[in-house]
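The values are calculated or read from the model by the stated rules, or taken from the named source; none is laboratory data. Fair warning: this is a prediction, and the values are worked out from it, not measured in the lab. Here the Cβ positions follow ideal geometry from the backbone for every residue, glycine too, while neighbour counts run over all protein chains shown. Only protein heavy atoms, including side chains, enter the accessible area calculation; ligands, DNA and RNA are left aside. Shrake-Rupley method; radii C 1.70, N 1.55, O 1.52, S 1.80 Å.
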Amino acid sequence: MDKKYKVITLCGSIKFKEIFFKMQEKLTLNGNIVLTPNFFQSIKKEKINEQTKKTLDGKTKKMLDEMHKQKIDMSDAIFVINVNGYIGESTKNEIEYAKSKNKEILYLEN
């Protein structure tokens, strides 16, 4: 099967989850395959989710970071959700990683 659709990974703070959902829908309807973060709980880095009360230990955090980088590897581009220009430390790292892989970088806000 020939590659027909651009693959885009969404990056940004999960505190903007509603914007993630809106952009996922918009980009998909514009003919893109969209990859998103693994979960959208309102969490701090210390917690993985409220239901299981598991802490986000170093091993789990590393795994989630690696999974997101693999999504970037599979993508043609990343789309940065930078509401009011906000780009956190993890997102900065993802942008640098995408640049190192020569991925197109798109932003919600210039």
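Do any trypsin sites (Lys or Arg not before Pro) in segment 2-36 lie in a DSSP loop with no more than 11 other beta carbon atoms within 10 Å, and if so, which?
Within segment 2-36, the qualifying trypsin sites (Lys or Arg not before Pro) (loop, at most 11 other Cβ atoms within 10 Å) are Lys3, Lys4.
With each label point set 7 Å from Cα along the Cα-Cβ vector, what nm distance links Tyr5 and Lys101?
For Tyr5 paired with Lys101, the spin-label model returns 1.9 nm.
With a sphere of radius 15 Å drawn around the Cβ of Glu109, what net charge do the other residues whose Cβ falls strictly inside it have (Lys, Arg +1; Asp, Glu -1)?
Local net charge: +2.
Could you calculate the contour length gain from Asp65 to Lys22, that is, 0.36 nm times the residue separation minus the distance between their Cα atoms, to one decimal place in nm?
13.2 nm
Give the residue list of GluC sites (Glu not before Pro) in segment 56-110 that are DSSP loop and have at most 11 other beta-carbon atoms within 10 angstrom.
Loop-located and lightly packed - Glu109.
Would you mind calculating the gained length between Val83 and Glu109 on full extension (0.36 nm times residue separation, minus the Cα-Cα distance), in nm to one decimal?
Full extension from Val83 to Glu109 adds 8.7 nm.
How do Ser13, Ser100, Ser75 stack up against each other in accessible area, from largest to smallest, with a 1.4 angstrom probe?
Ser100, Ser13, Ser75
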